Structures are given as structure tokens and as C-alpha cells.
Amino acid sequence: MSTDYLKRILTSKVYDVAIETPLEFAPQVSGRINNKVWLKREDTQPVFSFKLRGAYNKMAHLSAAELQRGVIAASAGNHAQGVALSASRLGCRAVIVMPVTTPLVKIDAVRGFGGEVVLAGESFSDAYEHAKKLEEQEGLTFVHPFDDPYVIAGQGTIGMEILRQRTGPIDAVFVAIGGGGLIAGVASYIKQLRPDIKVIGVQTIDSDAMVRSVKAGRRVTLNDVGLFSDGTAVKQVGKETFRLAREYVDDYVLVDTDAICAAIKDVFQDTRSVLEPAGALALAGAKRYAAQHKWKDKSLVAITCGANMNFDRLRFVAERADVGEAREALFAITLPEERGSFRRLCEAVGNRSVTEFNYRISDPKVAHVFVGLQIASVAEQEKLAALFTRKGFATQDLTGNEMAKTHLRYMVGGRSGLAEHEMLFRFEFPERPGALIRFLNSMSPDWNISLFHYRNQGDDYGRVLVGLQVPPSDKKAFKAFLDGLGYPYWNETENPAYHLFL
């Protein structure tokens, strides 16, 4: 079965439509992390993603009768574009089922290649179920986005190109994982020809189905997946991709949203190209893995696997990139509510660049100030916290506090004597026209809303911070209400930032 994949990869038909993408050295990020980094530029494919390889290879092996009937696929975007372009080259009909939350840039691209777009459901899983129904109803051939030997082999040609293009040493290849098709193909090729090269999978901390499955020894299905890296937001990996990953992948690393945003900025600085979150996932993983293992002077390859992102989302990326690269630190600083306090705080800040400074009077004795500062490293962040403490200011580091980064910095706070029995929750929901109204309508009228913050950041999912007044006697009913809402949520009632500012 393993040698089968070598043969499949070597005889793949991807180059009828795909190009051999460049392997480019990234000097700036290499210098920053003290390792040599090469980027395998799959974002330069005709559909700005590697998905074209596997889709075309699968469809090129279909019979004439199957092509005449047409194909169907379920996809959040990149696989859809690959199938649509492949269909136009092969002269067959292509129906693509996409979630209603899919960015418009991807929908328009699929239609531009001649694909028939059907919008159904709010996730890939919903779209997949609808596609399977249409497959039966219309006699179409299903082209799976990852769990198919021909698709896996098509993606495996990337590994073949890496070994051919990089004649010098390679210590590790970092690969983003959604359903697992890319890493299954790349690892199958590299580990059989160059077992000395580590193949390391990268997932987000909120879409880590492969990591959990490998640990459990069986395929695990996630209840929810994070939507920021929509190209890898898969609840369950494939059977075949899981088998190959267990056999060939050496290790895994998880990264968060801030690290992905920092990696998008890194690639832009080295190439002037803008990747989508999934496209920057491998580089974010390479940086984190190298730091965790204290690697130095290693030769690393990161596959930049896609660049299909809505322009509006760049607002969010830009805001979070500096935190992800440890270039911004956020602090809650408490000082006496008296003359001269602000001056002493400003003297402690010194000549550092201030990114945020929020304050509202709320207590006659103490003042709580939300401060953002530009920094050069995590070590400087720790030194600043120690400095403020030495100067006599009670200080809390909020740099890693999700509520503070997403909501608090945009709010003018202060306690309210009217907010008795208040509980604070963060919610996320798929962003689309009318989504906020639907969210509000789902909130029960039994509990008063005492605080509300929502900000559209050009992302694919909305974030809401809600304060609700819930008497102690209603706690059980309230828990049932939360579980029945159907949205991911986090209880922030004990968050220190909430107690200081809100």
C-alpha cells in the first residue's frame, strides 16, 4: 500500500493544470528565528491553493462516462476552486456545495471557473451532507477534498518537488492539517525516500482533530471547530489520511490565532504576498516548534498552502499580528486616584511606543488603566510588568487574555451599581448578514442584558461579549439555556480584566 503511493505520486497528472511552485528562501523570518526557512509557494497556483493538484488528479482518472455525468464536491473554498477549474479543463459539469459562511471571494472564484455553486449549512460538515444527497439525486461523481487515494497522491507531488528543488539539507518540513490530505501525500513521499527528514503537522488549537485522533488511536470528531483558519476547520479527519499520518508523520505542533496572524505578516514582509490563515499555518508551526525545541541553524521548509482571503479580514490580522509576534504587550495597571499618578505612570512607560491607553473614572480611591505597549520580545513584556510593580503599581499582564484583546480594548468601562448578579460570557457565531440579529433573538427574555459588545472585524465569525443578570436561584435554568443556544461560549465572570474594568 505504501509503495502504491510512490507510484501514484510519480504518475500523477497534476501538471496538466497545476504549476511546479517555487521553493523560496525567506531571509527576514530566517534571521528572526535563527534558522533557515524556505517557503514552498503553493499560494502561487492558478487557484492560489494546492488543492488544484489533488482535485485534478482525481478527476483525470475518472472514466469518460463519469465525466459526462459530472462531478460534485463539498468545500469551504479552495478545493471548490480546484474542482471547478479542473472541470472546465476536462469539459465536464461541476456542482460545488459550499457553506453559507464561505467568503464571497471564494464563491466568486468558483463561479468564475464555471462551477455551479449551491450554498447549504454553516459548516463543511453541513455542506458535505447536502452534497452527498445531490450526488445520489443527480448521479454525479463525488470528488472528496482529502480522503481519496488520487487526491492524496496529487497533493504528494508537493513533497516530490521539495526534494527535487532543495539540493541542500532539510531538517524538517512543516505542513498544515485540516482533513489530512496534504500531509498524508507529502509525508508518504518524503518519509519513504528521505526518512531522515522530519515531517511535522500543524493545527490550530481550536481545530486539532488530527492531533486528538493520533493521541486517542482512533478518529475523533470535534463538536466545534474554530473558524479563523477556515481552510483547516475540519471536525473529523479522513480514514486514509489518518492511517498515513500515523505511519509517516513524526510530530505535531499547535498554534493560536495570534501566531497565524504573525506568520501572515512574516510572509508579507519576505514576499509581499498575503496568505490566508490556513496558508500561513505551517510557518506559524515552524516558528513555534523551533522555539520549543531551541533549534538553531536548522533548515526548515514550510508549505504556504493558500492565499484566498477576504480583504476585510486584514483588519483583524493586522491588529493581532503584533501580539502573535510578541511585539505588543497589554497590561491592566492600578494606581491611586490622586494628582500626579498619571505622570508617574507615564514616566515608568518612558519613551516606549504606546498602542493603547484607556481609562474611565469609576472609583474614588483607585484608577484602573488599560495600557498597550510596543515591545521587541516576550522577555521585554516580563520586564515591563516587573518595572510597573517596582514603581508601586499593581499590574496584571493581559497579553494572552482573549477577552481583553477582542473586546475590552474597544470598550469604555467602569462598574455599574445597577448590574446586580451579573455574569459575563463570550460567544462566537458564524458571521453573515443578519447573524447578529439572529443571535440577539436567541437570547432568552428571562434575564436582563446588562453589558453588550460586538465588533465586526471583517472575519468569518462574530464575537460578542454579553453581561446577563442571573439571580442565584436561576443558575440551573441558565446553564440549560446556554447549552441549548448552540453557540460556542466562554464564562468570563472570573476574568480579572472584567473585575478591573467592567
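The values are calculated or read from the model by the stated rules, or taken from the named source; none is laboratory data. Just so we're clear, the structure is a prediction, and the values are computed from it rather than from any experiment. FYI the Cβ positions are ideal-geometry reconstructions off the backbone, even for glycines, and counts take in every protein chain you see.
From the set of residues in segment 278-288 that are closer than 14 Å to I205 by Cα and touching a residue at least 60 places away in the same chain (Cβ under 8 Å), which is surrounded by the most Cβ atoms within 10 Å (Cβ to Cβ)?
Across segment 278-288, the extreme among qualifying residues is L281.
Could you figure out which of (1) part of a strand (DSSP E or B); (2) more than 20 Å from R288 (Cα to Cα) isn't true of I9?
Going through (1) part of a strand (DSSP E or B); (2) more than 20 Å from R288 (Cα to Cα) one by one, I9 breaks only (1).
Could you check segment 29-48 and list, in sequence order, the residues that are modelled with pLDDT under 95 and not β-branched (V, I, T)?
Hits for segment 29-48 are R32, P46, F48.
Can you confirm whether segment 153-163 contains a residue that is among the charged types (D, E, K, R) and not assigned by TED's automatic domain parsing to the domain that holds E20?
If we filter segment 153-163 for residues that are among the charged types (D, E, K, R), which is where we start, we get 161.
Checking which are not assigned by TED's automatic domain parsing to the domain that holds E20 leaves us with none.
No, segment 153-163 contains no residue that is among the charged types (D, E, K, R) and not assigned by TED's automatic domain parsing to the domain that holds E20.
Conditions (1) within 26 Å of the chain's Cα centre (by Cα); (2) closer than 16 Å to A73 by Cβ; (3) in contact (Cβ under 8 Å) with a residue 24 or more places away in the chain; (4) surrounded by fewer than 24 Cβ atoms within 10 Å (Cβ to Cβ), marked per residue:
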| site | (1), (2), (3), (4) |
| --- | --- |
| K133 | no, yes, no, yes |
| M160 | no, no, yes, yes |
| G168 | no, no, yes, yes |
| F174 | yes, no, yes, no |
| I177 | yes, no, yes, no |
| A184 | yes, no, yes, no |
| A187 | yes, no, yes, no |
| K198 | yes, no, yes, yes |
| M210 | yes, no, yes, no |
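Taking interchain pairs and intrachain pairs at least six residues apart, which have beta carbon atoms under 6 angstrom, with the first residue in segment 86-114 and among the polar types (S, T, N, Q) and the second not in a helix (DSSP H, G or I)?
S88/F113; S88/G114; T101/E122; T101/P430; T101/R432; T101/D460; T102/A76; T102/G77
Each row is one residue, and each column tells you yes or no for (1) closer than 22 Å to S229 by Cα; (2) modelled with pLDDT of 95 or more.
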{"site": "L283", "(1), (2)": "yes, yes"}
{"site": "R288", "(1), (2)": "yes, yes"}
{"site": "I303", "(1), (2)": "yes, yes"}
{"site": "M309", "(1), (2)": "yes, no"}
{"site": "D312", "(1), (2)": "yes, no"}
{"site": "D322", "(1), (2)": "yes, no"}
{"site": "A326", "(1), (2)": "yes, no"}
{"site": "S341", "(1), (2)": "no, no"}
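Check Y128 against each of (1) surrounded by 18 or more Cβ atoms within 10 Å (Cβ to Cβ); (2) modelled with pLDDT of 95 or more; (3) not small (G, A, S) and name the one condition it does not meet.
For Y128, the failing item is (2).
If you go through segment 214-251 one residue at a time, how many are farther than 28 Å from E319 by Cβ, buried (at least 18 other Cβ atoms within 10 Å of the Cβ) and among the hydroxyl-bearing types (S, T, Y)?
Qualifying residue count, segment 214-251: 2.
I'd like the full set of residues that are of a type in the set (G, A, S) and in contact with a strand residue (DSSP E or B) (Cβ under 8 Å, 6 or more places away or on another chain), limited to segment 108-120. Walk me through it before giving the result.
Our first condition is that a residue be of a type in the set (G, A, S); within segment 108-120, this holds for 109, 112, 114-115, 120.
Selection gives G114, G115, A120.
Which ones in segment 317-374 are in contact with a helix residue (DSSP H, G or I) (Cβ under 8 Å, 6 or more places away or on another chain), of a type in the set (G, A, S) and within 16 Å of L387 (Cβ to Cβ)?
A329, A332, A348, G372
With the checklist (1) farther than 23 Å from T399 by Cα; (2) among the β-branched types (V, I, T); (3) surrounded by fewer than 23 Cβ atoms within 10 Å (Cβ to Cβ); (4) in contact (Cβ under 8 Å) with a residue 60 or more places away in the chain in hand, flag the one item V274 doesn't pass.
Here V274 meets the rest and fails (4).
For segment 102-117, which positions are closer than 14 Å to G77 by Cβ and out of contact with any Phe, Trp or Tyr (no Cβ under 9 Å at 6 or more places or on another chain)? Quick ask: steps written out before the conclusion?
So in segment 102-117, the residues closer than 14 Å to G77 by Cβ come out as 102-113, 115, 117.
Within segment 102-117, T102, P103, L104, K106, I107, D108, V110, R111, G112, F113, G115, V117 meet the criteria.
Condition test on V105, is it out of contact with any strand residue (DSSP E or B) (no Cβ under 9 Å at 6 or more places or on another chain) and β-branched (V, I, T)?
Values: out of contact with any strand residue (DSSP E or B) (no Cβ under 9 Å at 6 or more places or on another chain): yes; β-branched (V, I, T): yes.
Yes.
So if I check each of L6, L39, L104, L52, which one is more than 18 Å from Y128 (Cα to Cα) and more than 24 Å from the chain's Cα centre (by Cα)?
Of the residues listed, the single one that is more than 18 Å from Y128 (Cα to Cα) and more than 24 Å from the chain's Cα centre (by Cα) is L6.
Kindly provide the set of residues from segment 12-42 that are assigned to a loop (DSSP other than H, G, I, E, B) and in contact with a Lys or Arg (Cβ under 6 Å, 6 or more places away or on another chain), ordered by number. Can you show your working first?
So in segment 12-42, the residues assigned to a loop (DSSP other than H, G, I, E, B) come out as 12-13, 17-22, 26, 34-35.
Hits for segment 12-42 are V17, A18, T21, P22, N34, N35.
Rundown of residues vs (1) under 20 Å from R8 (Cβ atoms); (2) in contact with a helix residue (DSSP H, G or I) (Cβ under 9 Å, 6 or more places away or on another chain), yes/no style:
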position	(1), (2)
L52	yes, yes
I72	no, yes
K106	no, yes
F113	no, yes
K133	no, no
H144	yes, yes
Y150	yes, yes
G156	yes, yes
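Just need a number here: residues in segment 26-36 that are within 16 Å of T304 (Cα to Cα), without any contact (Cβ under 8 Å) to a residue 60 or more places away in the chain and either over 24 Å from the mean Cα position of the chain (by Cα) or exposed (fewer than 14 other Cβ atoms within 10 Å of the Cβ) (or both).
Of the residues in segment 26-36, 0 are within 16 Å of T304 (Cα to Cα), without any contact (Cβ under 8 Å) to a residue 60 or more places away in the chain and either over 24 Å from the mean Cα position of the chain (by Cα) or exposed (fewer than 14 other Cβ atoms within 10 Å of the Cβ) (or both).
Residues checked against (1) under 30 Å from P22 (Cα atoms); (2) more than 22 Å from the chain's Cα centre (by Cα); (3) among the hydroxyl-bearing types (S, T, Y):
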| site | (1), (2), (3) |
| --- | --- |
| F311 | yes, no, no |
| G324 | yes, no, no |
| S341 | no, yes, yes |
| K365 | no, yes, no |
| Q374 | no, yes, no |
| K383 | no, yes, no |
| A386 | no, yes, no |
| K391 | no, yes, no |
| L398 | no, no, no |
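Just checking, which of A26, A55, A18 is modelled with pLDDT of 95 or more and not assigned by TED's automatic domain parsing to the domain that holds G168? Before you say what the answer is, go through the steps one by one.
Values: A26 fails: not assigned by TED's automatic domain parsing to the domain that holds G168; A18 fails: not assigned by TED's automatic domain parsing to the domain that holds G168.
Result: A55 is the single residue among A26, A55, A18 that is modelled with pLDDT of 95 or more and not assigned by TED's automatic domain parsing to the domain that holds G168.
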